[in-house]
Amino acid sequence: MKIYFFGAKTQKKKLNDNYEIIIRTLKSAGADLYTNLKERALPSDLLELRESGGLVLNEMDAFLVEGTENSPDLGYLMALAIADKKPALYLYEKGSASQEIIKPVSYTHLRAH
């Protein structure tokens, strides 16, 4: 399973430690993990797709988004997952400003079903 894990780049040690735990857990579960946080060479099929102008994110089976730190990419990634009807998990620390981003997306998604 190809999983894309997104986390906003930050200097906060606790958040970076959480990112590492998430990455280790996904890898130990056997996920084919792609992330914006670590450099990874794309396999030939995804490299060809990107070079031909395709969107590599469309090839992911699921999305895991850590939204504690605000980022302009958060809404885009969640909307992409919902539009493609792919599983998505949005994580954030309680009380973070990013929880406000997901409310309209969640409400729209729930009403559509």
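The values are calculated or read from the model by the stated rules, or taken from the named source; none is laboratory data. From a predicted model like this one, the values you see are computed outputs, not experimental measurements. When we count neighbours, we look across all protein chains shown, and the Cβ atoms used for this are built from the backbone with ideal geometry, even at glycine. All accessible areas refer to the heavy atoms of the entire protein, side chains included, with ligands and DNA or RNA removed. Shrake-Rupley method; radii C 1.70, N 1.55, O 1.52, S 1.80 Å.
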Quiz prompt | Total residues in the stretch 48-65, condition open to solvent by 70 Å² or more (accessible area, probe 1.4 Å) and of a type in the set (S, T, N, Q) | solution = 1
Exercise. From the list Ile23, Ile3, Ile82, pick out the single residue that is open to solvent by 30 Å² or more (accessible area, probe 1.4 Å) and among the β-branched types (Val, Ile, Thr).
Key: Ile82
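Based on what the data block shows, is Glu59 over 16 Å from Glu93 (Cα atoms) and modelled with pLDDT of 90 or more?
Working: over 16 Å from Glu93 (Cα atoms): yes; modelled with pLDDT of 90 or more: yes.
Taking the combined requirement at face value, the residue satisfies it.
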Quiz item: Which one of the conditions (1) touching a Lys or Arg at 6+ places or on another chain (Cβ under 6 Å); (2) farther than 25 Å from Asn18 by Cβ does Leu47 fail to meet, given that it meets all the rest?
Solution: (1)
Practice problem: Give, as residue ranges, the helices (runs of 4 or more DSSP H) completely inside the stretch 1-93 that count at least 2 residues that are of a type in the set (Gly, Ala, Ser) and without any contact (Cβ under 8 Å) to a residue 40 or more places away in the chain. | Solution: 73-83
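Confirm whether Asp32 is at pLDDT 90 or above and acidic (Asp, Glu).
Details: at pLDDT 90 or above: yes; acidic (Asp, Glu): yes.
For Asp32, the condition - at pLDDT 90 or above and acidic (Asp, Glu) - is met.
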